[in-house]
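The values are calculated or read from the model by the stated rules, or taken from the named source; none is laboratory data. Every value quoted in this text rests on a predicted model; they were computed, and no experiment measured them. Here Cβ is always computed from backbone atoms with ideal geometry, including for glycine, and neighbour counts include all displayed protein chains.
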Amino acid sequence: MEKLVIEGGVPLYGEIGISGAKNAALPLIAATLLSGGVHTLRNVPDLRDTRTILKLISELGATWQREGTVLQIDTTSVEYGEVSYDLVKTMRASVLVLGPMLARFGKARVSLPGGCAIGERPINFHITGFERFGVQCKLEEGYVEAIAEQRLRGNSVYFDIPSVTGTENILMAAVLAKGKTTIKNAAREPEIGNLIEMLVKMGAKISGGGSDQITVEGVDSLVAADVEIIPDRIETGTYLIAAGATGGEVTVTHCNPDHLPALLEKLKTAGLQIGIESDSITIISPTKNRKKLQSVDIKTMPYPGYPTDLQAQFMALMALSNSICVVNETIFENRFMHVAELRRMGAEIKTGGKSAVVTGRGEKGLSGARVMATDLRASSSLVVAGLAASGRTEISRIYHLERGYENLVGKLTGVGARVWKEQE
């Protein structure tokens, strides 16, 4: 097993190119199951999670080939099959094949999902929505078994809480359902917009993308599509925060600034200088100009609010600030597991329920330590802290990082970081 080693305290300078979004690539790969033919996906990141879902659709009969960031998937020979626990246990997004399989074959059997230990993330939203389409669902022996005796029937689906994967799964089921489907209180994340773009190119009739009410007019069949994956906004945000934490100046390229409205406002409030172009963001740390990093409260919310996937990284930044701030986590109940590891590096953080109080250490800063990653975004917060800390930081269980960050070491060393991998 590998670990990540960081010799911290080095300001980052230069440019970092952003990869395609993991959270867009996964549902788009699942959507290829809706129709036979050769689909072309562009700007696809090469990550542990994308490789996992490609193995999953291969088990169902799909074939694929990759050339650089271009992925071609042939789903002509896809047949109904069971999606086993061995694949699903490592990635919760595997549940996204439920919708396409139900729409195309009228049945699906998928192991209950696994992945990061950041909360329950139940799939009851998905099941309730499918049942509105006339699907019979049952849970047994760790599997979700869904069967429709006849073609899915469009209906109104309401989410008590906006669910990203729930919205995506219902969308993919609805495009081949008979009649109209209305998804109310739908999630509004840019990744859902990317999925809608693909489904429309396949021949689906969808309106209301980007709003909390999406309408789908079912069609009889779909065709293969050619679509580009949007830039990864979480990767973008992580590198911006890392630059701010180290006192550097970094331009993040091949990104979409419109996808990070809440983060950019919080970074500005913290005293960071932000320059925005159409597909790039430049960040200049206040410490570069001998100014203080201001403490800023955040509260995670569904898009376009502050993203939960950037909460841990921002907390690491606030551990370096000049005062006290409060971090409220409203999305996942277990997303403060990084706190104990940040404390090992000297961070002063107290947690209670869904809130964490961070007392910034200012000029005292953080110190390197041996820490352990507990989930994908927690591990990236330790990278941020390690880059800013004095001394050596060793992060174990970095397979979590490899689920969501393509070529992390190469991108960071390209802007001056002293970081490498070693065997444990």
Across (1) crowded, with 23+ Cβ neighbours inside 10 Å; (2) at pLDDT 75 or above; (3) in contact with a Ser or Thr (Cβ under 9 Å, 6 or more places away or on another chain), VAL70 clears everything bar (1)
ALA340: passes all of (1) without any contact (Cβ under 8 Å) to a residue 60 or more places away in the chain; (2) of a type in the set (Gly, Ala, Ser); (3) farther than 21 Å from LEU260 by Cα; (4) surrounded by 23 or more Cβ atoms within 10 Å (Cβ to Cβ) but (4)
Of the listed residues (GLY360, GLY368), the one being at pLDDT 95 or above, of a type in the set (Gly, Ala, Ser) and over 26 Å from LYS299 (Cβ atoms) is GLY368
Flagged in segment 404-424 as among the polar types (S, T, N, Q), out of contact with any strand residue (DSSP E or B) (no Cβ under 8 Å at 6 or more places or on another chain) and either free of Cβ contacts under 8 Å to residues at least 60 places away in the same chain or not in a loop (DSSP other than H, G, I, E, B) (or both), in numbering order, are none
Residues of segment 384-416 being over 11 Å from VAL5 (Cβ atoms), buried (at least 17 other Cβ atoms within 10 Å of the Cβ) and of a type outside the set (D, E, K, R), in sequence order, are VAL384, ALA385, LEU387, ALA388, ALA389, HIS400, LEU401, GLY404, TYR405, LEU408, LEU412, VAL415
Would a scan of segment 51-58 turn up a residue that is more than 17 Å from GLU82 (Cβ to Cβ), buried (at least 23 other Cβ atoms within 10 Å of the Cβ) and in contact (Cβ under 8 Å) with a residue 12 or more places away in the chain?
no
Within segment 30-46, residues being part of a strand (DSSP E or B) and over 23 Å from the mean Cα position of the chain (by Cα) number 1
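Determine, yes or no, whether LEU47 is of a type in the set (A, V, I, L, M), surrounded by 18 or more Cβ atoms within 10 Å (Cβ to Cβ) and in contact with a helix residue (DSSP H, G or I) (Cβ under 6 Å, 6 or more places away or on another chain).
Numbers: of a type in the set (A, V, I, L, M): yes; surrounded by 18 or more Cβ atoms within 10 Å (Cβ to Cβ): yes; in contact with a helix residue (DSSP H, G or I) (Cβ under 6 Å, 6 or more places away or on another chain): yes.
Yes; evaluated as a whole, the condition is true for this residue.
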